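Inspection log for the structure reproduced underneath, given as structure tokens.
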Amino acid sequence: MMGFFNKKTEEPKKEETQEEPVETPPSVDVAKQSLNELVLQSIHEGVIIVGPEGNIHLANPAACLLMGRSDDEILDVYYDSVITLLDKTGNRISEARNPIGQALKNQDFKEETRDLDIVAADSNRNTPVSIIITKSAGDKPVLIVTFRDIAQELREEHERTDFISTASHEMRTPVASIEGYLGLALNPSTATLDDRARQYLEKAHENSKHLGRLFQDLLDTTKLDDGQIVPHPEPVEIVDLVKRIADAQIPKIKEKGLGYQFGSGAVDQQLSGGKHIEQVIYANVDSDFLTEILNNLIENAIKYTPAGWVTVNVRADNYNVQIVVQDTGIGIAREELNHVFQKFYRVDNRDTREIGGTGLGLYLVKQRVEAMNGRIWAESQLGNGTRFIVLFPRISQEQYDQQRFLIDNQEAQSGMH
Ligand code: ADP
């Protein structure tokens, strides 16, 4: 390893000689290496290299500054004892949630994490950072970890979401009033209209309703972005929770004339290698967030299924829980699948044109899933229905019991004060 920031490296001693020094041009390799060093030394991003055993092999000055430690303190030290990362609630994250730890353990790791702060040991200064991890190839890969200060970026994002949130809030009230008056005008017991006026007002009424939904969806998406709401994951038995949330949508499903099925513990070849999975599955989720997520997915399944079935399934392997919302509807073309989670993205074709929507639902769903350390993706074929799969890390019965015990104890104690 290069170790050029290791101050312990001694300067080469000059030979004591009477002869005139002869200048030799540096070799190309040396020149290249010193250029690399110069780049690493001068960039604003903090860069560290973590070996497969978890020790830091290299740290550039920007990384040392963010950690508030000299490179002497960092080099050859286990990463978790010198890098302190906090989540948005100000709590130090466990090694299991640490993106560097996850990457070391070969677990699925996010290439970029933007919701953590790094703490400088010398001043206790917190800096929000984007952490990008790249793994080198080979048997014993090293991690190249980049920390970028995103304080300014977050401030600007916050100003933007604040503006959208205030604007949507302010516009919601007059729009609700327009919608109300148009409703009154269209009500035969409160107003008399000729046919043409009724047609025009019906259009206006429909659009005012759409505008109202748009402002509501915008408000909901900004709430998480600007920290008005924060997820509070708690250990739950997920099959029962998902069933309760999904069952509450049965009236809407029946109203459209669709069939409904709920399943759990199904034998799933892909996930369990054919084993039967027990019915009791635990995970850490915020139940309000999960309700919003599933309501959105089920409402979409209803909306985009002219006839057929809506199915909700919970299944698990040893590590993860998957919640699957599936329909037999119009489907999504392969090239659209990755885009449907983007803000305001709506598939525009003959089948979808008549169906109302804002294009914000799936953005909101993804935002909430990721805020709880989950992942979401869609599988579909045009004309052949769609599956949305939401994945959360699974916790064991023991972890559930332990965590529940701690939470119940805390609640009991705070109730006594
Ligand atoms: P919208 O308000 O338009 O429904 P979403 O963000 O919820 O917005 O969804 C984005 C787009 O993804 C939709 O416009 C639709 O084209 C497509 N989509 C979402 N869910 C389904 C589904 N279950 N079946 C088919 N298409 C879907």
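Bear in mind that the values in this text are calculations on the coordinates, not laboratory data. This is a predicted model, so every value here is computed, not measured. With ideal geometry, Cβ positions are generated from the backbone for all residues, glycine too; neighbour counts draw on all protein chains shown.
Before moving on, here are some points about what is shown:
- Estimated at 0.36 nm per residue, the fully extended path between GLU156 and LYS88 surpasses their Cα-Cα distance by 22.7 nm.
- Two-site FRET efficiency, ALA96 against ARG404, from Cβ-Cβ distance with R₀ of 22 Å, rounded to 0.05: 0.75
- Computed Kirkwood radius, in angstrom, where 1/r is averaged over Cα pairs of segment 156-197: 12.6 Å
- Rg in Å to one decimal, and Dmax rounded to a whole Å, for segment 283-353 via C-alpha atoms: 14.0, 43
- Projecting label points 7 angstrom from Cα along Cα→Cβ for ASP240 and TYR181 puts them 5.1 nm apart.
- Cα-only radius of gyration and Dmax that characterise segment 319-407, units Å: 16.4, 54
- Over the residues of the chain, the helix contribution to mean residue ellipticity at 222 nm works out to -13000 deg cm²/dmol, using -39500 (n - 2.57) for each DSSP H run of at least 4.
- Dipole of the chain [Lys/Arg +1, Asp/Glu -1 at C-beta], most positive-end residue of THR311, ASN338, ILE74: THR311
- Note on GLN41/ASP288: beta-carbon distance plugged into 1/(1 + (r/R0)^6) with R0 of 60 Å gives a FRET efficiency of 0.80.
- FRET E, pair GLU112, ASN349, Förster distance 22 Å, beta-carbon r, rounded to 0.05: 0.10
- The charge dipole of the chain, taken about its Cα centre with unit charges on the Cβ of Lys, Arg, Asp and Glu (plus for the first two, minus for the last two), comes to roughly 1820 debye.
- What the Kirkwood sum gives for segment 147-256 is a hydrodynamic radius of 18.0 Å, with every pair of different alpha carbons counted.
- Gyration tensor over the Cα atoms of segment 45-179: the corresponding equivalent ellipsoid has semi-axes (square roots of 5 times the eigenvalues, largest first) of 37, 17, 12 Å.
- The slack in the chain from GLN279 to THR192, taken as 0.36 nm per residue of separation less the alpha-carbon distance, amounts to 25.4 nm.
- Here's how it looks for ASP115: its modeled amide H is under 5 Å from none belonging to a residue 5 or more places away or on a different chain.
- Compared with the alpha-carbon gap, the fully stretched path from ARG213 to THR173 is longer by 13.2 nm at 0.36 nm per residue.
- Hull volume in cubic angstrom per residue (convex hull over the Cα atoms of segment 21-106): 136 Å³
- Cubic angstrom per residue, convex hull over Cα atoms of the chain: 238 Å³
- Spin-label model, HIS339 to ILE250: label points 7 Å out along the Cα-to-beta-carbon direction sit 3.9 nm apart.
- Extreme residue, positive dipole direction of the chain, given options GLY54, ALA167, GLN326 (C-beta unit charges): GLN326
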